[in-house]
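Have a look at the structure below before the remarks.
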Amino acid sequence: MVWIAVAAALCGAVGLAFGAHWQSAAVRQQGHDTNLTIGSLKKLLRSRRWVIGLLMLATGTVLNVFALASAPLTVVQPIGAIALVITTVVTARTNHLKMNMPTVLAIISCMVGSVAFVLMAINVTNPNNEATPHQTMVIELILTVVVVLFALVGLLGRHRLGAFFYIVGAGVLFGFVAVLVRTIAIALMNLENTAGLRDLPWLAVVFVIIAGLLGSYFVQNAYAKGPPDLVIAGLTVIDPIIGIAIGIGILNELRPQVPASMGLLMGIAGLLAIVGVVALSKHHPDVLDRQAKRKANGSGSWQP
């Protein structure tokens, strides 16, 4: 079942990559360095690119939910980093940009690190570890603080914040959403063994809606304010880091007495993937091309 979940997560990453590509292109047509408004949202809903991107994101999300319900969070979450690799290649081809050597090396680093981490995590995690009501409550309490904090900062500083804030905020929020979605999905799969819909974690559903909407708003603003590759890079690093931290720190997904050497190797693999993602955000030809155009126009390089 774990390998089926891994396959579903891989397909979900493809949907995420192409969905993000189409949506970022549509959002950036609305204008650079502008916050998302009701008016611009109405325009986006009339954009075929944005709607196609939304449908692909929805498909990827459904597949990822299945993967989260069928395998440990620590195994599924890192697979999302592959979406960055796909997005990078698609963006380069769409914009007729030649892949440079740093970008190729970054892709290899991201792929090797992610695959190695997943293969090792499969062997050291509990395959059927479900969140207890107490663990779910702890996650919801932490998420409450996170939502309030990001919402207040976003509201008070909406005219001064750059893409970096929205990238970090969306990544953190979606990391929590992934954990709660897994809890809800497992509860739905076990409905026949319970008293029905009354036993569903409805509070978790509410938190998923609130955090998901705020995270989606942050993503759209990040697309408008920064290079799309950097947006995807930030999300595919921060989201899994938060999810894995919760999986290990709160859900106790690691098996007891995991060898220290295995933990070290997993850390190295995760670091390798992160280094690859960061390198992509700096050396991808699309990012370099944007920086060169801004320097030529006298505006300097883009800063988050």
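Per-structure values
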item: Among (1) surrounded by 13 or more Cβ atoms within 10 Å (Cβ to Cβ); (2) at pLDDT below 80; (3) in contact with a helix residue (DSSP H, G or I) (Cβ under 6 Å, 6 or more places away or on another chain) - the single one ASP33 does not satisfy; result: (1)
item: Test for VAL177: is it under 24 Å from ILE248 (Cα atoms), touching a Gly at 6+ places or on another chain (Cβ under 7 Å) and either at pLDDT 90 or above or not charged (D, E, K, R) (or both); result: yes
item: Test: residue in the stretch 103-112 that is surrounded by fewer than 22 Cβ atoms within 10 Å (Cβ to Cβ), at pLDDT below 80 and either polar (S, T, N, Q) or over 19 Å from the mean Cα position of the chain (by Cα) (or both); result: no
item: Helices (runs of 4 or more DSSP H) fully within the stretch 52-163 counting 1 or more residues that are closer than 25 Å to PRO285 by Cα; result: 82-94, 101-124
item: Residue under evaluation THR144, criteria (1) more than 23 Å from ALA170 (Cα to Cα); (2) in contact with a helix residue (DSSP H, G or I) (Cβ under 9 Å, 6 or more places away or on another chain); (3) among the polar types (S, T, N, Q); (4) modelled with pLDDT of 80 or more, criterion not met; result: (1)
item: Qualifying residue in the stretch 244-256 (condition: buried (at least 17 other Cβ atoms within 10 Å of the Cβ), under 21 Å from ALA151 (Cα atoms), modelled with pLDDT of 75 or more and in contact with a helix residue (DSSP H, G or I) (Cβ under 9 Å, 6 or more places away or on another chain)); result: no
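Listed here are the residues, each with its yes/no results for (1) out of contact with any Lys or Arg (no Cβ under 7 Å at 6 or more places or on another chain); (2) surrounded by fewer than 16 Cβ atoms within 10 Å (Cβ to Cβ); (3) farther than 24 Å from GLU253 by Cβ; (4) among the basic types (Lys, Arg).
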| residue | (1), (2), (3), (4) |
| --- | --- |
| PRO133 | yes, yes, no, no |
| ILE139 | yes, no, no, no |
| ILE142 | yes, yes, no, no |
| ARG182 | yes, no, no, yes |
| LEU188 | yes, yes, no, no |
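For (1) under 17 Å from VAL65 (Cβ atoms); (2) outside any helix (DSSP H, G or I); (3) at pLDDT 85 or above, each residue gets a yes or a no:
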| site | (1), (2), (3) |
| --- | --- |
| ARG182 | yes, no, no |
| LEU188 | yes, no, no |
| GLU192 | no, no, no |
| VAL205 | yes, no, yes |
| ILE209 | yes, no, yes |
| SER216 | yes, no, yes |
| ASN221 | no, no, no |
| ALA224 | no, no, no |
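The values are calculated or read from the model by the stated rules, or taken from the named source; none is laboratory data. All figures in this text were calculated on a predicted structure; none of them were measured in a lab. Quick reminder, even Gly has a Cβ in these numbers, built from the backbone with ideal geometry, and neighbours come from all protein chains shown.
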